[in-house]
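Since the structure comes first, as structure tokens, the remarks are kept for the end.
The values are calculated or read from the model by the stated rules, or taken from the named source; none is laboratory data. The shown structure was predicted, so the numbers you read here are calculated from the model rather than taken from an experiment. Every residue, glycine among them, receives a Cβ derived from its backbone with ideal geometry; neighbour counts consider all protein chains shown. Accessible surface areas use protein heavy atoms only, side chains included; no ligands, DNA or RNA. Shrake-Rupley method; radii C 1.70, N 1.55, O 1.52, S 1.80 Å.
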Amino acid sequence: MDRWVLVVNGKPQCSEVDGFVYYETLVHPALLMHDNLKKVLIMGGGDRSAAREVLKYKTVEHVVLCEIDEVLLQTSLSFHGVVLPPFPCKSLILITDSYESTDFEFTREILKYGTKKFDVTIGDLPAPTEGGGGSCRDLYTKSFYQSILKRRLNEDGIFITHAGMAGVRTHQAFYFQCPSAVVVPVTAAVPLYADTCGWVMASDMPLVACHGEIDKRIAKRIKGKLRYHDGGSILASTIVNKIISELLRDYTCNHLVDDDDATEDGRP
């Protein structure tokens, strides 16, 4: 039987077989730890897989997906319609760009001049060192998080973003820039990438929940069942190995993207 993979610029984005591992880990830790989830912003996410996971929540009133690549949006719609079940669009607001701006310019304008605040913001973006990640480089700087993104989060808001690979040999690309009171690394082994992926989850409020409580929230909040995660595995994903722990404790290694070094081509 043929299996489908969506590839953009030579990099796999989602897979019919095991793409759910990546997207369940990107989305559900943050959404399940929020106490009053209603509004969610997705930066990037043009393949719509993150939005699919968010829209499983019964309490979500709307999801804003901010994607610069209109071709990817249209391609992914066909992908989900043919390979995956029809995409649930009822609560989804798509914002795309008709001008030749960068991901940073586009996202900055949406956040800077918008009025809505969000309970959770998800960064479904390529890391700056990854192919195609150059235009996203400014979205990994402390100034962007502090002066733009945090203004669009509610006081109890949670931010989670892709932070590069977190494998034993690839962890140098693990990004850590969130100026929040609580910052939690999240990792998972993703078969699609044959590596361990890393995310960073941040909030100014405590991110505390036992696996039993998370299981209760999954049963109460989510339509259907998760394929990969339960309460125990979500908590386990926030416990990282010694190599990553030491990297995150090293301030100079953590801040790989400085505001002064953010360039259009994405090179340090």
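Across region 1-38, what is the number of residues that are in a strand (DSSP E or B) and among the aliphatic types (A, V, I, L, M)?
Final tally of qualifying residues: 4.
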Considering region 30-44, residues that are touching a helix residue (DSSP H, G or I) at 6+ places or on another chain (Cβ under 6 Å) and farther than 18 Å from Leu207 by Cβ, and then whichever is modelled with the highest pLDDT, we arrive at Ile42
Looking only at region 150-163, filter to residues that are of a type outside the set (A, V, I, L, M) and under 11 Å from the mean Cα position of the chain (by Cα); which one of those is modelled with the lowest pLDDT?
His162
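Do you know which of the residues in region 46-69 that are hydrophobic (A, V, I, L, M, F, W, C) and open to solvent by less than 20 Å² (accessible area, probe 1.4 Å) is modelled with the lowest pLDDT? Break it down into steps so the answer makes sense when it comes.
Step one: of region 46-69, the residues hydrophobic (A, V, I, L, M, F, W, C) are 50-51, 54-55, 60, 63-66, 68.
Filter again for open to solvent by less than 20 Å² (accessible area, probe 1.4 Å), leaving 50-51, 54, 60, 63-66.
Details: Ala50: 91, Ala51: 89, Val54: 94, Val60: 93, Val63: 89, Val64: 87, Leu65: 85, Cys66: 82.
Per the criteria, the residue is Cys66.
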Could you tell me how many of the residues in region 1-45 are within 14 Å of the chain's Cα centre (by Cα) and open to solvent by 30 Å² or more (accessible area, probe 1.4 Å)?
2
Against the definition (surrounded by 12 or more Cβ atoms within 10 Å (Cβ to Cβ) and either outside any strand (DSSP E or B) or modelled with pLDDT of 90 or more (or both)), how does Arg267 come out, yes or no?
no
Over region 47-67, the set of residues in contact (Cβ under 8 Å) with a residue 40 or more places away in the chain and within 23 Å of Ile148 (Cβ to Cβ) is Ala50, Ala51, Val54, Val64, Cys66
